[in-house]
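The values are calculated or read from the model by the stated rules, or taken from the named source; none is laboratory data. Nothing here was measured: the structure is a model prediction, and the numbers come from that model. Because the Cβ atoms are built from the backbone with ideal geometry, glycine has one as well, and the counts that use them run over all protein chains shown. Surface areas here come from the heavy atoms of the whole protein model, side chains and all, with no ligands, DNA or RNA. Shrake-Rupley method; radii C 1.70, N 1.55, O 1.52, S 1.80 Å.
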Amino acid sequence: MNERLGRIGAQESTALITTALTVGGAFSKKSADAYSMGNAEYIVMPLSILLSLAVYFILAGAIKRCGAKNFCELVSGIFMPLGCLAAIGVMLLMIYAAFNSLSSFTAALHSLFFEGVGYDRIALFIVPTVFLIAMLGFETMSRTAKLYAIPMVLMLLVSIAGSASEFRVYRLYPLFGGGAGGIIIKAVERIPLFFPAFMSLLIVADGVNGIDHANRTAAISAVLAAGILIIAHLAIGLVYTYKELDRLFMPLFRINYLSKFEAHLMRMDKFAHLIWMNGGMISAALYIYCASRIFIREYALLDIRPAIAVSSLLTLILLLAETGDGTQSAFKICSAFMNKWGFSLYILPPILVSIFALARPKRRKIYGK
Amino acid sequence: MENRQKTVRIIRIVLLAPVLLGMLTVAAACLNPVSVDNCGYVVAIGADLGKSKAYDITLELQRESAGEATENSGGALILSVEADDIFSAIDTLSSGIAYKLNFTRTHIFIFGEELAKKGRIPDFLEISFDVLRIRKSALMIVSKAPVRDYIGGLVSNNNANIAKMQDALISNVERTGEISAVNISLFYEAVDEGRFDAVMPIGRYDSEIITDTKQYDATKKGENPIKDAKNASRIGGMQSLTEGSALFSGAAMVGTLSGYETQFMNIVRGDFKEGSIFVEYDGKHASVFAIKNKRSIKIVADGDNYAAKVIIKLNITVERDLEAQLGKRFYTGAGSALERFFERELKSVFIKCRDLGSDAMGFGRYVSMLFKSTEALEAFDWKEAYKTFDADFTVELTLDDGYLADDGQ
């Protein structure tokens, strides 16, 4: 069986999941009403990570209780006849997460970097690279993530530091727009940005040396990513008011535009973007790999590579559909639905699976040896 | 078996090689290379009201190659045309030049005074900055003179590099406080949010200034340019200058402040770092070098009426004091007199701004912090409340380098 999984340690898995969570929270396209009640993203994002982590632990508990090694085994064991459909559902959600990780970067390259180069051409350049990373397997992408995670975070901090002279507290007001209720609703809506990273960890749990290690990785990554996102969104909020943020695309990329004095540091936005984009590509490769893995496990295929090719192709189709002539309006409707109700697709099935699994007698192994 | 594996490996390499090569060429821009010689880099964009079209648009270009432009004007080139927007100006101008206009290096926007007074700046800027690749950190200036003349004055001393002028502008703000800088991003924030009003430096043009004595045209003006320039107000440097501030109320320019008044406006606005200020105490004149120490603004709300209590702390060094009393009597009356002088001047500049309807000092930013929800904030009319807004100023001065003031060293 050619799964290209390998084995990685705690550092690699933490780097990979932290990268995926950070990309999800800092570089994904915002939903239309993200700032409708003011800017509270610096609270919403960590809270959403916390909620996703809670769902993760429910699922991880169910996997452990059933004696499964990973999420793939849980799905195929519990759903029996429905397992095939469930696998396809999870696969499609992971592919949507891969698209989400690449969409902003592709749009930024198209609109801010390469004059006259179409969105489709850029997507055609990015997705094959992601495909190659995914083809190299889980272990390789995790080790690559370990290499890129620190530069990615450092570049984020350098960009934020470069704009510090323009931080103004009044821009954060009204504070905690929408109150606690609004914050919780938005945190729930943002779950699709984070839960796929945790779900990936469950899909490849055997590659990170078991569920216990995966749990530790999930907790550490959640804390790290939450810290990074609090800093990033606070910085964005200190530089742009909620009204401006409502109109802005990729605010982190433009965080230095407000500085009146342009130092060399502030002209590094393109360089920073390329480093951040590496994080986006690694995250997308992780999701594509996981989508492919759950598919081949459910359908008992021996080689993951054709599935990775198909998953990459589907990601490319989503990217092209986003700006395609006949597909743009339909895509917008789907995207709005996913932004508003996508969380239910991501968390309800796993919760149902967990309930089903936990309802079984304890310590009863239902999978392999 | 071994041969078969070898063959499979070779086939793999053969299949992957073109893909990798293709991606490399794209990454290295080999598929669509553009030489810098093929671009005309627009460093400044100027807009005045047009006669036949909406705008008279002027572009200052920096050319990288040693072409025709560099011989005459030190690398700078000016293009100007009347057009309804910047895109039609680009189309018209592009038909007459042999290179492509590139806006990635645009540092400064210059607007004519009339255009600014009519509130047409947002209309002119209603463009996609992303499409033109213009960074919103580009600075803005209002020119008292026709914009063509002003931009002409910028290149009059072979000064092709507007980036240096941008730096000079900022350093003027930081070193003198006599002008106030605003960039596109801040201007948009001011106009769209209404929490404060924009203040731009005023550009002036003086054709009498002898820009470069070495290149002075001896055949026309005589052989001694310095002697002939006795009527000129200044010798050397550019014919275009910036001094004072243009006050805005929303999108429209409503008045001006002198360089001196701008210093006091900047002190409250928070943009003042240091600078020489001409002061008066006990009927005597002096000049002090002030450095910002601390500033606190507290908003007090009484129903629909708002007021601010402003506390300013400055460190001063005496630069010029003919009576030599400021240092000697600083702690026995002169210091307090100076503090009262600062308070009077701050109040007077505040009242001037308020009467013009311009929240140049940015009190609205602090008032907006009183609101708990976006609905309440968006329903609040700061412009209306500002009409009855009052500010109370308290200035505390600390004398630095007292021995200089005492002995006049």
- Output yes when any residue across the range A:310-317 is touching a Ser or Thr at 6+ places or on another chain (Cβ under 7 Å), at pLDDT 90 or above and assigned to a helix (DSSP H, G or I), and no when none is. yes
- Task: Could you look through the range B:329-363, keep only residues that are in contact (Cβ under 8 Å) with a residue 12 or more places away in the chain and aliphatic (A, V, I, L, M), and pick out the one that is most open to solvent (accessible area, probe 1.4 Å)?
- Result: B:356
- Task: Name the single residue, out of those in the range B:257-290 being touching an Asp or Glu at 6+ places or on another chain (Cβ under 7 Å) and open to solvent by less than 10 Å² (accessible area, probe 1.4 Å), that is nearest to residue B:366 (Cα to Cα).
- Result: B:264
- Restricting the range B:180-210 to residues that are of a type in the set (Ser, Thr, Tyr) and away from chain A (no Cβ under 12 Å), which is surrounded by the most Cβ atoms within 10 Å (Cβ to Cβ)? B:205
- Inspect all residues belonging to the range B:275-285 and state whether any of them is within 18 Å of residue B:391 (Cα to Cα) and of a type in the set (Lys, Arg). no
- Message: List the helices (runs of 4 or more DSSP H) inside the range A:111-198, counting only whole elements, that have at least 3 residues being open to solvent by less than 10 Å² (accessible area, probe 1.4 Å).
- Response: A:119-135, A:138-162
- Restricting to helices (runs of 4 or more DSSP H) lying wholly in the range A:1-106: which have 3 or more residues that are under 28 Å from residue A:322 (Cβ atoms)? A:10-26, A:41-66
- Checking residue B:271 against (1) touching a helix residue (DSSP H, G or I) at 6+ places or on another chain (Cβ under 8 Å); (2) closer than 30 Å to residue B:328 by Cβ; (3) among the charged types (D, E, K, R), which single condition isn't satisfied? (2)
- Note on the structure: The residue that is modelled with the lowest pLDDT, considering only those in the range B:124-166 that are among the charged types (D, E, K, R), part of a helix (DSSP H, G or I) and open to solvent by 50 Å² or more (accessible area, probe 1.4 Å), is B:164
- Flag for residue B:224 being at pLDDT below 85, within 14 Å of another protein chain (Cβ to nearest Cβ) and surrounded by fewer than 19 Cβ atoms within 10 Å (Cβ to Cβ): no
- Message: I need a count of the residues in the range A:26-66 that are in contact with a Ser or Thr (Cβ under 8 Å, 6 or more places away or on another chain) and farther than 30 Å from residue A:249 by Cα.
- Response: 4
- Query: Just one of B:322, B:326, B:370 is more than 17 Å from residue B:271 (Cα to Cα) and loosely packed, with under 14 Cβ neighbours inside 10 Å; which is it?
  - Reply: B:322
- Message: Scan the range B:377-397 and tell me whether some residue there is open to solvent by 30 Å² or more (accessible area, probe 1.4 Å), within 14 Å of chain A (Cβ to nearest Cβ), more than 13 Å from residue B:308 (Cβ to Cβ) and in contact with a Phe, Trp or Tyr (Cβ under 7 Å, 6 or more places away or on another chain).
- Response: yes
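Matching residues to (1) under 21 Å from residue A:299 (Cβ atoms); (2) among the polar types (S, T, N, Q):
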site: A:41; (1), (2): no, no
site: A:58; (1), (2): no, no
site: A:61; (1), (2): no, no
site: A:71; (1), (2): yes, no
site: A:76; (1), (2): yes, yes
site: A:85; (1), (2): yes, no
site: A:88; (1), (2): yes, no
site: A:93; (1), (2): yes, no
site: A:102; (1), (2): no, no
- Message: Can you find, within the range A:26-46, the residue that is most open to solvent (accessible area, probe 1.4 Å) among those that are touching a Phe, Trp or Tyr at 6+ places or on another chain (Cβ under 7 Å) and away from chain B (no Cβ under 14 Å)?
- Response: A:43
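Condition check ((1) at pLDDT below 80; (2) in a helix (DSSP H, G or I); (3) not aliphatic (A, V, I, L, M)) across all residues:
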{"site": "A:249", "(1), (2), (3)": "no, no, yes"}
{"site": "A:252", "(1), (2), (3)": "no, yes, no"}
{"site": "A:259", "(1), (2), (3)": "yes, no, yes"}
{"site": "A:266", "(1), (2), (3)": "yes, yes, no"}
{"site": "A:271", "(1), (2), (3)": "no, yes, yes"}
{"site": "A:279", "(1), (2), (3)": "no, yes, yes"}
{"site": "A:283", "(1), (2), (3)": "no, yes, yes"}
{"site": "A:289", "(1), (2), (3)": "no, yes, yes"}
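Per-residue answers, yes or no, for (1) more than 14 Å from chain B (Cβ to nearest Cβ); (2) of a type in the set (D, E, K, R):
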site	(1), (2)
A:67	yes, no
A:71	yes, no
A:83	yes, no
A:88	yes, no
A:94	yes, no
A:121	no, yes
A:126	no, no
A:141	yes, no
A:160	yes, no
